[in-house]
Amino acid sequence: MTATTVTEPVTYSVTSGVAWLTINRPEAHNALNKAVRDGLFEGFRRFNADDDARVLVLTGAGEKAFCAGGDLKEMADTSLRVPPPDFVPQLGRNITVDKPTIAAVNGVAMAGGFLLAQTTDLCLAADHARFAISEVKVGRGAPWAAPLPWMVPPRVAMQILLTGDPIDAHRAHEVGLVNEVVPGDRLAETAQRLGERIAANAPLSVRAAKRTVRLVAELPLAEAYDEAERIWEPVYLSEDAQEGPASFRDKRPPRWKGR
């Protein structure tokens, strides 16, 4: 593994095609102060440009917190009112990441931490993790939660938003917010293995699949089919589309070129 510091509170490393973006502020429960927010933006941009990384895992340092949300002390000191749209990275909204992303939630994911877990493509959770949109308890807002009723049943989303009460990892898995719950000491290993399985697949197909999943959230079904055909046509026409069947015929691992 090679590791370099993106900014002091955020680190970036790559292992076997899987990038790890880690919020490294455990003494403050990995809260989103300006240095962390800037570091996350820089880390996602680095991943976009990194040809050695096909999948990204987002996590927090330590065992207590994935991310406890915005830094309330900083908000009080700066008298923050309405956060600008680029206040914190929202994948698919204010920053585009075409390659797959995974949240490895190693503790509490509240407010802005919930936001980060919500915006990744997949989510793994330690069995002690908890999730909450706690804004109603501190008089703040959560406009970023607009996609939540697409991810979980609307009445579950309503309860999460209206009460601000946390749900545990098993409940999050039950309602579909989390893909898998594992013991805390196996979280990193599980995320790495999942990332490697995805990284081993044809990259053009992986990216097209990611784009396809969200189509029905944005378009009527008939238009979603048309858009899916447009997204997948370049995949069918790629060299990799010929490599896959050829490798099966020749009984060898595929050699993907991404073109």
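Here, each number is a calculation from the coordinates, and none is a lab measurement. Nothing here was measured: the structure is a model prediction, and the numbers come from that model. Positions of Cβ are generated from backbone atoms using ideal geometry, with glycine treated the same way; all protein chains shown enter the neighbour counts.
Computed quantities for the displayed model
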quantity	calculated
Fully extended contour minus Cα-Cα distance, from HIS170 to ARG193, at 0.36 nm per residue	6.2 nm
The chain, helix-only ellipticity at 222 nm - DSSP H runs n ≥ 4, -39,500 (n - 2.57), divided by all residues, nearest 500	-12000 deg cm²/dmol
Projected-area average for the stretch 203-250 over all orientations - Cα convex hull basis, square nanometres	3.5 nm²
Potential lengthening between ALA35 and GLU239 on full extension [0.36 nm per residue; Cα-Cα distance subtracted]	69.2 nm
Estimated vicinal HN-Hα couplings, Hz - the stretch 23-33 in sequence order (Karplus 6.51, -1.76, 1.60; Gly, Pro = x)	6, 10, 9, x, 5, 10, 6, 6, 5, 8, 7
Convex hull volume per residue in cubic angstrom - Cα atoms of the chain	137 Å³
Rg over Rh [alpha-carbon atoms, Kirkwood Rh] for the stretch 92-169	0.95
Burial ranking of peptide ranges 245-252, 52-59 (average Cβ count within 10 Å, highest at the top)	52-59, 245-252
Ranked by how many other beta carbons lie within 10 Å on average, peptides 161-171, 27-37 from highest	27-37, 161-171
Length-normalised contact order for the chain - Cα pairs under 8 Å, 6+ apart - percent	15 percent
Fluctuation leader among ALA125, ALA157, ALA222 - the chain, Gaussian network, Cα springs under 10 angstrom	ALA222
